[in-house]
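The values are calculated or read from the model by the stated rules, or taken from the named source; none is laboratory data. From a predicted model like this one, the values you see are computed outputs, not experimental measurements. All Cβ positions, glycine included, derive from the backbone under ideal geometry; neighbour counts span all protein chains shown. Ligands, DNA and RNA are excluded from the accessible area calculation, which covers all protein heavy atoms including side chains. Shrake-Rupley method; radii C 1.70, N 1.55, O 1.52, S 1.80 Å.
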Amino acid sequence: MLLPRLAVLALTLFVLGAVSPAVRGAVPPDILFIAIDDLNDWVGVLGGHPQARTPRIDALAERGMLFTNAHASAPLCNPSRTALLTGLRPSSSGVYENDADWRRLDVFRNISTLPRFFRDQGYETIGAGKIFHAHTFDPEGFSGYNDQNAWSRFFPSVDRQLPDEVVPPDRPVNGNPFTKDLDWHALTEAADRMGDARVATWISGQLTRTPGQPRFVAAGIYRPHLPWYTPSDHFDSYPLEAIELPDTLAGDLDDVPEIATMPYLEITDRPPMALHRWIVSQDKWRQGVQAYLASVSYADAQVGRILDALDASGRSNETIVVLFSDHGFHLGEKQRWRKYTLWEESTRVPLIIVAPGVTVPGSRSSHPVSLMDIYPTLAELAGLTVPGHVEGKSLLPLLRDPAAAWDSAAITTSGFRNHSVRSQRYRYTRYSDRSEELYDHEADPHEWNNLIDEAGFASVRDALAEWLPERDTPPQ
């Protein structure tokens, strides 16, 4: 009878290990989910700009794992957030643009969003700010696409994700003839009146409250999303005369396909390069870079306030923290401002995961990973079964061992049938007209030299093309 009993005991231990949280404790771990809007790699620990100062984000990276080769599933707010929060890639759902309300689509009818998944598992779900797509400055008062059934509490409310914002009286302040939102201004109003400050204050209060059940707490930080209206002290910390511009190359666009420069890959009907030409002609490039850096530092300060509240709660050792941005941002590279391209500036994002008892403090991974991987990773860390529809890949093996083998690539989709594949070394892009780009990041980190027609790279292209999505759902 001894052997059968040992077999039963071994099976029991295996099952318990399979369903118990990776973050060990008497109760399931809390989760702190910090989403930052439009933050590219201009973060201290990523080195995207030599003057960027983000001490609180950098300190968070030292607590856990920094993914240095993380990429968005789409280089635009709504498709990126819809994908990572539902588990379905844009090419599977057909959500490619900001005006697609995922809540009205049949493909999402029987699936749980990430916060709803945790609520259904007994978590208290608490959110504030921009989690699903929303806009502060929309003149028609657009309230966004929040999953109203996912939250126990939400600030300011489930049907309005973003609080009122402080804005200058006459916009655009910089005088650009294109749009009011690509604007910047140093605010002298009290910083605590700003939307992100109010979100950080409310979330901090929730974190320091004694929980009655495990918590999924989501904080959406809007900056550095446009417009860059930021407290003046953050502008002052980046003197205009000392601002360094991004590295650029004359003729950079000479070897890219025509489709990559056409307006329908941008969020305006104007030629994408026209805005850059205006900024340069008006000698406002340094102003724009200064304003973005100031907004990044402001966002970092709000992250710091939230993390201070977590530490004050006494539950930091029982809390998984994930911090990410929904996509990157151009500030003149390739004559572009904004996002919505399939180049590194638009796709690369900060991604930090702190899982006490799992991640090694200060660890790094250069493997290509996607924001799609957040959903299954959090589920597994909490000891939960990953829903079958989720298309991401759990990062738990890398969190446990940064040197673990990783056979994957990060896929970014920009509009219907436009995809980019990022491996550890290369980027391969195929557009809807079958035109292509190929870059070797080891030799060309700025993606200045398109190798698609160079001899000797056909096998690289073919291997990367194997990762392209099998489905291309028409726009919904």
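Quick notes on this structure:
- Exposure ranking of Arg81, Arg56 by accessible area [1.4 Å probe, largest first]: Arg56, Arg81
- Ordering of 328-336, 235-243, 191-199, 454-462 by burial proxy (mean other Cβ atoms within 10 Å per residue, highest first): 328-336, 191-199, 235-243, 454-462
- For segment 204-311, averaging the sequence separation of C-alpha pairs within contact (under 8 Å, six or more residues apart) and dividing by the residue count gives a relative contact order of 52 percent.
- Members of Lys180/Lys339; Lys130/Lys284; Lys284/Lys339; Lys339/Lys393; Lys130/Lys334 lying beyond 21 Å, as alpha-carbon distances in this model show: Lys130/Lys284; Lys339/Lys393; Lys130/Lys334
- Overall form of the chain per C-alpha gyration tensor (a/c, 1.5; a/b vs b/c): oblate
- In sequence order, segment 52-69 has phi-based couplings of 5, 10, 9, x, 6, 5, 4, 5, 5, 4, 6, 7, x, 10, 9, 8, 8, 9 Hz under the Karplus curve 6.51 cos²θ - 1.76 cosθ + 1.60, θ = phi - 60°, and Gly or Pro positions carry x.
- Sites Asp433 and Asp254 - FRET efficiency at Förster radius 22 Å, r taken between beta-carbons, to 0.05: 0.75
- Across segment 311-387, the mean sequence separation of Cα contacts (distance under 8 Å, 6 or more residues apart), normalised by length, yields a relative contact order of 27 percent.
- Per-residue extension of 0.36 nm, minus the Cα-Cα distance of Asp440 and Asp164, leaves a gain of 94.9 nm for this segment.
- Sequence-distant contacts, meaning Cα pairs under 8 Å at least 6 residues apart, place the relative contact order of the chain at 26 percent.
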